[in-house]
Amino acid sequence: MKNYKVAVLAGDGIGPEITQEAIKVLKLVEERNDVSFELMPALFGACAYFETGDAFPLETKEICDSADAILKGPIGLSHEESKNIPVDKQPERGALLPMRRRYNTYANFRPVSLPKALAHFSPLKPEIIGDGIDLVIVRELVGGLYFGEKETGVNEKGLRYVRETLEYDEGQIRQILVQAFKLAQTRKKVLHNIHKSNVLKSSVLWNEILEEVATDYQDVKVINILVDAAATLLCLKPTQFDVMVMENMFGDILSDQGGGILGSLGLMPSACIGDEKAYYEPSHGSAPDIAGKNMANPYSMIGSVAMMLENSFDMADEAKNVWAAMQGVFADGYSTADLSKSDSGVKMIGTEEFGDKVVEKLRDMPKV
Ligand code: IPM
Ligand code: MG
């Protein structure tokens, strides 16, 4: 039997309640397969800061270091509450970015997927959704503006100023592009390269490296699109995309738009992969306004489990079952509050009910 250690960082806001549902699914996967998961819970985010003074405490680092994979819930506080934590210790700067840097998880995969049967969740017209949306945003995750040098001060004119630098070297660019090409090869063999080379020198270098890397993947067709145009096309014709690759900041913004065209960020799981370690997290925040109300949609967290099964534990077939179980619950006419209005004829269910129904569906599926 395979035995894996999974660090579980439930996070802040809705994190703990959606993590609980993801764990239910993971336990069932354990029951159905010749595998065992040793779950190692640890504090991460604002909860860790308030308990230890550090949003990514040493003990959590040690637990993550020893884990085969990390399952991470959303972190962060409301805009107002954040002010109770010094800027550099806030969960995003004090925990999330250090985690990405520590494990060099440079490749962030964000599937944007909505089967035709669930088209009613999308704000887009059915004719735009067609046979369904199914694309993956490949986002560079450890470079660019997020990690460049930052400086603040007062300039010669006596004005407060800020300088943030966008830096990539060719190695960083090449490694993410290779991941994107490889993914494109397993899918439709089309890669949309999202850039801003009409303004940014970083995009000029990016595109140069892309041309070099492309020679090793001649079966993949490359389509270059400026990032602003890509934002429009994601709304007007999302079905033309399959794999989209881009730098860190572009990926942050367009992946949230990805959630928008599906109908909710609650449908956005993600995998953050480095050469030695991977962690899995919803793309969305901790939604403090609905925390503890059994309202949050755990799809993104359970989807992150599915991505972990596939990428870290070589369980692609069981991962497909988890996706199918979640989509099956929606296809049965149920909805969580983020996706539908209560008077829209759907059967509204809460966080726990969604998790229970996914478990029920998965239990009924043939074992792999
Ligand atoms: C995301 C989030 C993070 C990011 C925040 C929480 C720092 O928005 O994973 O997309 O900007 O990368
Ligand atoms: Mg984001």
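The values are calculated or read from the model by the stated rules, or taken from the named source; none is laboratory data. Predicted, not measured: the structure shown is a model, and the values here were computed from it. Quick reminder, even Gly has a Cβ in these numbers, built from the backbone with ideal geometry, and neighbours come from all protein chains shown. Note: areas computed on protein heavy atoms with side chains; ligands, DNA, RNA excluded. Shrake-Rupley method; radii C 1.70, N 1.55, O 1.52, S 1.80 Å.
One residue alone among GLY292, GLY263 is over 20 Å from PHE181 (Cα atoms), more than 16 Å from ligand 2 (Cβ to nearest atom) and in contact with a Leu (Cβ under 6 Å, 6 or more places away or on another chain), and that residue is GLY263.
Residues that are of a type in the set (Gly, Ala, Ser) and open to solvent by less than 20 Å² (accessible area, probe 1.4 Å) were ranked within segment 229-259; the one that is nearest to ligand 2 (Cβ to nearest atom) is SER255. Put simply, of LYS341, LYS357 the only residue that is free of Cβ contacts under 8 Å to residues at least 60 places away in the same chain and in a helix (DSSP H, G or I) is LYS357. Restricting to segment 286-325, give me the number of residues that are touching a Gly at 6+ places or on another chain (Cβ under 7 Å), open to solvent by less than 10 Å² (accessible area, probe 1.4 Å) and either over 17 Å from GLY355 (Cα atoms) or without any contact (Cβ under 8 Å) to a residue 40 or more places away in the chain (or both). Qualifying residue count for the region: 1.
Please indicate, with yes or no, whether at least one residue in segment 46-67 is within 16 Å of ligand 2 (Cβ to nearest atom) and in a loop (DSSP other than H, G, I, E, B).
no
When GLU310, GLU281, GLU353 are screened for being acidic (Asp, Glu), in contact with a strand residue (DSSP E or B) (Cβ under 9 Å, 6 or more places away or on another chain) and over 24 Å from ARG139 (Cα atoms), only GLU353 passes.
How many of the residues making up segment 75-127 are closer than 25 Å to ASP314 by Cα and either surrounded by 21 or more Cβ atoms within 10 Å (Cβ to Cβ) or within 16 Å of ligand 1 (Cβ to nearest atom) (or both)?
From segment 75-127, those closer than 25 Å to ASP314 by Cα are 99-115; that's our starting set.
Then keep just the ones that are either surrounded by 21 or more Cβ atoms within 10 Å (Cβ to Cβ) or within 16 Å of ligand 1 (Cβ to nearest atom) (or both); that gives 99-112, 114.
Summing the residues that are closer than 25 Å to ASP314 by Cα and either surrounded by 21 or more Cβ atoms within 10 Å (Cβ to Cβ) or within 16 Å of ligand 1 (Cβ to nearest atom) (or both) in segment 75-127 gives 15.
Tell me, which strands (runs of 3 or more DSSP E) lie completely within segment 75-171 with 1 or more residues that are outside the structural domain of ASN248 (by TED's automatic domain parsing), among the hydroxyl-bearing types (Ser, Thr, Tyr) and more than 30 Å from GLU276 (Cβ to Cβ)? Write out each step before concluding.
Details: elements: 107-115, 132-140, 150-154, 160-164.
Filter on segment 75-171 gives 150-154, 160-164.
The condition of being among the small types (Gly, Ala, Ser), under 26 Å from VAL112 (Cα atoms) and within 16 Å of ligand 1 (Cβ to nearest atom) holds for only one of GLY148, GLY143, that being GLY143.
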